[in-house]
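Scroll down for the structure; my scribbles are underneath it.
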Amino acid sequence: MTKRTGCKAFMRLKEKSDGTCIVKDITLQHNHTLLLSPSMLVFMRSHKRVDPTLKGLVKDLQFSNIKHVNIMGLLTRLHGGRDKIGCHNRDILNMKAENTRKESINEVQNMFKFFEDMKKENENFFYDYKVDDENRLENVFWSNASSRAAYADFGDCITFDTTYKSNKHHLPLAVFVGVNNHLQSTIFGVALMGNESEESFKWVFSRFLECMGGKQPICILTDQCPAMTKAIPKIFPRTLHKFCRWHIMNKHKDPLKKLYKLFPDLKDLLTAILNHPLMPSEFEDAWKALIEKYNLHDINVMINLWAERKLWISAYWKEVFCARMTSTQRSESMNFVLKRGFVTERDNLHIFAKQVNNCIQARHEAENAEANASTGTRKTVTRYGFEAQVMDKYTRAVYSVFRERQYHSTAFRIKTSQDNPNNYLVHHYNQSKEFAWSRHEFRVLADELEGRYECECKLWEHTGLFCHHVIAVFEHLRLDEIPSKYILQRYTKDAVTNPDFNRRDYMRTTDDGTSIEYRRTILYSEAVKIINKGCSSKEKIQIALSAFRDANTRLDNEDAELENNEDAEMENNEQSSNQENTTRETGEQNDIPQAENNDPYADIQPPLLAITKGSKTTDAARKNGKCKQPVPARPEPELDEYGRPKGTRVCGTCNKISGHNSRTCKARQLAKKLLETHEKVYGPTASSGNIKVRIRNLLARQHIPENDDEEKLDTDEGECFEDETDDEEYEQEDEDEDITEQEETQNTPDVDDKLENLNKKGGKRKCSACNLRLGHYASTCPNKEKILQQHILERQTSDSAIVKPQGVKVCSSCNKIRGHNSRTCARRQLEEQLLHLQSTENDSNTMENRSKEKSRKKTQTTPAAIRRSTRKR
């Protein structure tokens, strides 16, 4: 406030030897209004108190995706009031913006530093990356040690899908997802892709295969991406590739809805055919019967579904194990979990990688909770021996699925086949829509002596779990025990196959063998004791604070000593390497300093803004082969003469970091000058806003020098510039300009030849006035006036009417060619104003006439008025 208003109020104090202070001088007169309440003190810089602990807490909450209103609510609750925080809402917002700017610096190097830290925790952590020709990060893949161990146990079937807008560079996020023994989704690997080309998919799949030790999955489910379809057979030749059923039906949902409205029973019958658990020949017969029944031979949606049937109909791959996955629903749900609770489209790369790791740890926690719940004891629904067996072997989630199927199996009836006593015919007798496909009759082979139990629906071969038909036969035979070969280990409580593999992402023990939790518990308990004792009196709190500060100082000194030892060790290593490089002729040490660049990721640049599939703005550019590289999400700051960054904020006009903002940007000032010049020459038009935007966009792509044309660009009134040229030089320049103008008017053919030569070079759009491709329109054509005068002269010599040049319309109001139409014509606007004034005058005259007529009627003595007056008398 003193700097703002020049207030002279002050107070000078002097400290005495005993620690007290006395007032030496004081002035109480203020030249401004004092604050209305003490709660407004936080808006004064001298009264703001920003504790480093508060900054750390705000940073942790910010990068945990906590909303700003929730952050302010938590700080208010911790400090006991909004005015006791020590700063106001805008300070917290500025603090968050500063954190974001700091985290945006060296985000690629910070991401690889996080990967190296994870590798130090567990050497089984895997990551790899790829850069383009400009040394920009293009693709990156990583997998935790726990994810690699999970793939070794449950990597028989995976789903792969990409999602968008999960980071600030808009790199597509690709996640390899599977299902564990608790029927939960688990992450096997994560990748960020610069584009969705075949080469990128091949690189990601090859890194995934290398990470997993060359183990290929049995089945992989994806969407209908052409590039992905080409890449999978080349990297996974022994893997069955199938399309997601949900994506297929969702792609054709609009035409199917129309068919469902025309034929109400079509939806149930089509669903029954798609879920029909029999062989391909029976599916094809059922499909043909459906087409014949509703006469759908020429319907495109039915033709397309039939053409792709072998890639998504489960009847064609019944004997292939898929772990109960027929769609990419698990990948879709995992992407939803990531984007809803962990990552945002504003995250930097290293923040994104840490948040993905947090998601993986959250999945491990849910898995451990389910594993702990599976250790409890449960009761069986029946007293069959096979049910007690599966309850003891299966996890809780898998046993719940078995028990539900056992419940539905009671709706099936069993008949013994006459040909073979070991064959049973199982059919559903309850006509429900839920089991429409179960109305068919299924043949089940049950040989108790050989231990064979097979159903023609092939559900066990497809999912590894028994179907309703086999469970119904188990109950019919009163089976005591199921053969162990039919209970897959991946669904049991002992699904871990390699317990020696270190699957922990973080170390649990220290160098001396004690756990980190044990150390933290001891320190926490001792700190709580000191806090409780120190709060009892003023003297004790000073003792506790001094103890904490002393401990903190000693720990800082210990860290500094360790750093000095590491630096000394590095210097010794460098000296030894320099001695090895000494010349043999002189025996002297080489004095040429070597580059100290121990970071292999220091030169890697952040990726460009990714162009994903379905982007409408780049479809036409891709077709024409003119797709330009996108602008980086955040440009690198420009450096001054001392090599220091000029600033941290990005200019909204030129998209550069050069120590200015949009208000003081040179490009914006030059655009303003150009627009003013354009309006002086051609006059203000309705499209001035569009012209202004085009000028700004053009200047944003060009480099505006800092020192050149300073007088033209700067609009500050407080600055002046000295001219280094004399008046004689200006006069000479004016004479040269007059001579050049005369030469241009006399030699018009030479100008036309130059324009034709420029036209041969090509442009984006042809001007309709001069019929040349020079990057301008008819309204901004610099030769428009000359062309118009030339046409008028030609028309006058031929004694004809006004000529309408090509691409320039004649105004229907003024019958002139002046670059406007009847809607924007000044003559028409003037006529409308005159008509408006005339109509208002007429209205006022009519109102005056009406008022005069009323007054005249009141004063006029009519016979009726005379009679009324006589009655009153």
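The values are calculated or read from the model by the stated rules, or taken from the named source; none is laboratory data. Just so you know, these numbers come straight off a predicted model, no measurement behind them. A quick note on method: Cβ atoms are made from the backbone with ideal geometry, for glycine too, and the neighbour counts reach across all protein chains shown. Surface accessibility is based on the protein's heavy atoms, side chains included, excluding ligands, DNA and RNA. Shrake-Rupley method; radii C 1.70, N 1.55, O 1.52, S 1.80 Å.
For region 59-114, the pair-distance distribution built from all alpha carbon pairs, in bins 5 Å wide starting at 0, is 4, 16, 24, 22, 13, 8, 7, 4, 0 percent. Here region 352-427 yields Rg over Rh of 1.24, to two decimals, using C-alpha coordinates and the Kirkwood radius. Measuring nothing but how far apart in sequence close Cα pairs (under 8 Å, 6+ apart) lie, relative to its length, region 256-332 scores a relative contact order of 31 percent.
Can you pull the percent of region 264-318's accessible area that's carbon plus sulfur, 1.4 Å probe, other chains left in place? Provide the component values of the computation, followed by the final result.
Numbers: 1440 of 2830 Å².
Solvent-exposed carbon and sulfur of region 264-318 make up 51 percent of the total.
Restricting the calculation to Cα atoms, region 1-121 yields a radius of gyration followed by a Dmax of 21.2, 66 Å. Residue ranges 479-487, 534-542 sort as 479-487, 534-542 when ordered by packing (mean number of other C-beta atoms within 10 Å per residue, highest first).
For region 464-479, backbone phi angles converted through the Karplus equation (6.51, -1.76, 1.60; θ = phi - 60°) give residue-by-residue couplings of x, 10, 6, 8, 5, 5, 5, 5, 4, 5, 4, 5, 5, 8, 6, 5 Hz, Gly and Pro being listed as x. For region 183-333, a Kirkwood hydrodynamic radius built from all Cα pairs, placed in the Stokes-Einstein relation at 10 °C and 1.306 mPa s, yields a translational diffusion coefficient of 91 µm²/s. Of the cross-linked pairs Lys202/Lys234; Lys242/Lys310; Lys288/Lys318; Lys130/Lys230; Lys24/Lys48; Lys96/Lys165, those separated by over 18 Å at the C-alpha level are Lys288/Lys318; Lys130/Lys230; Lys24/Lys48; Lys96/Lys165.
Its Kirkwood hydrodynamic radius, worked out from the mean inverse distance over all distinct Cα pairs, puts region 73-215 at 17.9 Å. Evaluated at q = 0.09, 0.17 Å⁻¹, the base-10 log of the normalised Debye intensity for region 269-414, with identical point scatterers placed on the Cα atoms, takes the values -0.56, -1.07. Kirkwood analysis of the Cα pair distances in region 440-489 returns a hydrodynamic radius of 11.3 Å. Loop-located chymotrypsin sites (Phe, Trp or Tyr not before Pro) across region 309-377 with a Cβ neighbour count of 11 or fewer within 10 Å are lacking, with loop assigned by DSSP. Sequentially through region 304-309, phi angles give Karplus couplings (6.51, -1.76, 1.60; θ = phi - 60°) of 5, 5, 5, 5, 9, 5 Hz, Gly and Pro residues having no value and appearing as x.
In a DSSP loop and with at most 10 other Cβ atoms within 10 Å, there are no trypsin sites (Lys or Arg not before Pro) in region 244-326. With the radius of gyration and the Kirkwood radius both derived from the Cα set of region 240-329, what is their ratio Rg to Rh? When Rh is taken as the Kirkwood radius, the ratio is 0.95. Relative to the present Cα-Cα distance, how much length would full extension add between Ser546 and Ala362 at 0.36 nm per residue of separation? Length gained between Ser546 and Ala362: 62.3 nm.
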